[in-house]
1. So if I check each of K262, K320, K274, which one is within 29 Å of T186 (Cβ to Cβ), touching a helix residue (DSSP H, G or I) at 6+ places or on another chain (Cβ under 6 Å), among the basic types (K, R) and at pLDDT 95 or above?
2. If the requirement is being buried (at least 18 other Cβ atoms within 10 Å of the Cβ) and outside any helix (DSSP H, G or I), which of these qualifies: V166, V210, V206, V181?
3. Tally time: how many residues in region 214-237 are in a loop (DSSP other than H, G, I, E, B), hydrophobic (A, V, I, L, M, F, W, C) and touching a residue at least 60 places away in the same chain (Cβ under 8 Å)?
4. Which ones in region 343-360 are surrounded by fewer than 18 Cβ atoms within 10 Å (Cβ to Cβ) and within 28 Å of the chain's Cα centre (by Cα)?
5. Give region 266-279 a look and list any residue that's surrounded by fewer than 20 Cβ atoms within 10 Å (Cβ to Cβ) and either out of contact with any Leu (no Cβ under 9 Å at 6 or more places or on another chain) or not in a helix (DSSP H, G or I) (or both), or say none.
6. Regarding K118, is this residue among the basic types (K, R), in a loop (DSSP other than H, G, I, E, B), farther than 30 Å from A215 by Cα and not assigned by TED's automatic domain parsing to the domain that holds M25?
7. Being assigned to a loop (DSSP other than H, G, I, E, B) and in contact (Cβ under 8 Å) with a residue 24 or more places away in the chain is the filter; apply it to region 295-316 and report the residue that is surrounded by the fewest Cβ atoms within 10 Å (Cβ to Cβ).
8. Return the pair list, or none, for Cβ contacts closer than 9 Å from residues in region 120-138 that are acidic (D, E) to residues that are part of a loop (DSSP other than H, G, I, E, B), at least 6 apart or on different chains.
Amino acid sequence: MKNTALSDKHIALGAKMVPFAGYNMPVQYEGVNIEHETVRNAVGVFDVSHMGEFVLRGPKALDLIQKFASNDVSVIADGKAQYSCMPNGKGGIVDDLIIYRVNAEEFFIVVNASNIEKDWNWISSLNDLGVEMENLSDQYSLLAIQGPKAAEAMQSLTNVNLKDMVYYTFQYGTFAGIENVMISSTGYTGSGGFEIYVKNEDVNQVWDKVFEAGASFGIKPIGLAARDTLRLEMGFCLYGNDIDDTTSPLEAGLGWITKFTKDFTDADFLKKQKEEGVSRKLVAFEMIDRGIPRHDYLIKNAGGETIGKVTSGTMSPSMKIGIGLGYVTVDNSALDSEIFIDIRDKGIKAKVVKLPFYKK
């Protein structure tokens, strides 16, 4: 089990620690609902240092990314980031990822913790272009400072104008006394904020200064459990739950990051799938009757036939109802379709809804 550079801080703060993707991670401090509301209404800090970071450099770096990424990276300028996924050559997904364009010959890529080795091997297998690859995953820590008060709370720590940063852009600047820190206006909560990439040896200083600066704004440390409820309220996919090696981007509703303006792994397969149509779709649903949907619960139709399976589910802290994502047959995927979640051998009524669940 690996620790992050901040594990001792979490333990000292009384966090409940659990194994996650090979790391010892804080799942909660005060409780999921309190932490969730802190991010929705004020500002909270996640240690997500388990995430993986790769750098690709050289004149053919863009060509390599265009080969493995479903999205068209040629459209983003320096200082911009883009969400994408990597098709696996068999119609499924190796991983979803964020690609940051530093300049025309340098790209910074962030991948999921559980897939670091798999992703590295996959990209390496496609790298017949002489692109220099560097795996920085064990050298970097990552803090996600999220919430509507994040910019105001953190402005005293940096020379970068945080409130004017556009979503999915990034800048390098001084942050908490450390120079050349990458500050990114990304995050997985839907409540705004920043992600701070910093070397392991500097992250304890950054953590302390972040909490000093945010004290008057009600800043709190937030665990992975609230990260999951926050992302689910927005309908963001989680790798290993909603997408994996068996799900296509089109089935998962990720057609918007699947661009046929270029050639890429599985482009022909996915183009054909788009033309012919998929047989199942990832849908969002809200519970009509009382019940909390959970991963792998069966989804049935009114006749009791199994039509799919829940991939993510929870009791929404913001809305106080059960919400979830799941794959169902296309016939049952239309908005307002009535479906039934199999909870303790009972069909509990739900309906298909439009994302996001949580509207600000």
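1. Values: K320 fails: touching a helix residue (DSSP H, G or I) at 6+ places or on another chain (Cβ under 6 Å); K274 fails: touching a helix residue (DSSP H, G or I) at 6+ places or on another chain (Cβ under 6 Å).
The unique qualifying residue is K262.
2. Working: V166 fails: buried (at least 18 other Cβ atoms within 10 Å of the Cβ); V210 fails: outside any helix (DSSP H, G or I); V206 fails: outside any helix (DSSP H, G or I).
Every option except V181 fails the conditions.
3. First pass over region 214-237, keeping only residues in a loop (DSSP other than H, G, I, E, B): 218-219, 222-223, 235-237.
Then keep just the ones that are hydrophobic (A, V, I, L, M, F, W, C); that gives 219, 222, 236-237.
When the remaining residues are screened for being touching a residue at least 60 places away in the same chain (Cβ under 8 Å), the result is 219, 222, 237.
Number of matching residues: 3.
4. To start, the set of residues in region 343-360 that are surrounded by fewer than 18 Cβ atoms within 10 Å (Cβ to Cβ) comprises 344-346, 349, 351, 353-356, 359-360.
Listed by number, the residues that qualify are K351, V353, K354, L355, P356, K359, K360.
5. Residues of region 266-279 that are surrounded by fewer than 20 Cβ atoms within 10 Å (Cβ to Cβ), as a first pass: 267-269, 271-279.
A267, D268, F269, K271, K272, E275, E276, G277, V278, S279, listed by residue number.
6. On the way: among the basic types (K, R): yes; in a loop (DSSP other than H, G, I, E, B): no; farther than 30 Å from A215 by Cα: yes; not assigned by TED's automatic domain parsing to the domain that holds M25: yes.
Considered against the rule, which asks whether it is among the basic types (K, R), in a loop (DSSP other than H, G, I, E, B), farther than 30 Å from A215 by Cα and not assigned by TED's automatic domain parsing to the domain that holds M25, K118 comes out as no.
7. Quick first cut of region 295-316, residues assigned to a loop (DSSP other than H, G, I, E, B) only: 295-297, 301-305, 316.
From what is left, the residues that are in contact (Cβ under 8 Å) with a residue 24 or more places away in the chain are 295, 297, 301-302, 304, 316.
On the way: H295: 17, Y297: 21, N301: 18, A302: 12, G304: 9, S316: 20.
Among those that are assigned to a loop (DSSP other than H, G, I, E, B) and in contact (Cβ under 8 Å) with a residue 24 or more places away in the chain, it is G304.
8. Pairs found: E132/G58.
The values are calculated or read from the model by the stated rules, or taken from the named source; none is laboratory data. Everything numeric in this text was worked out from a predicted model, so none of it was measured. For neighbour counting, all protein chains shown are included, and Cβ atoms are generated from backbone atoms with ideal geometry for every residue, glycine included.
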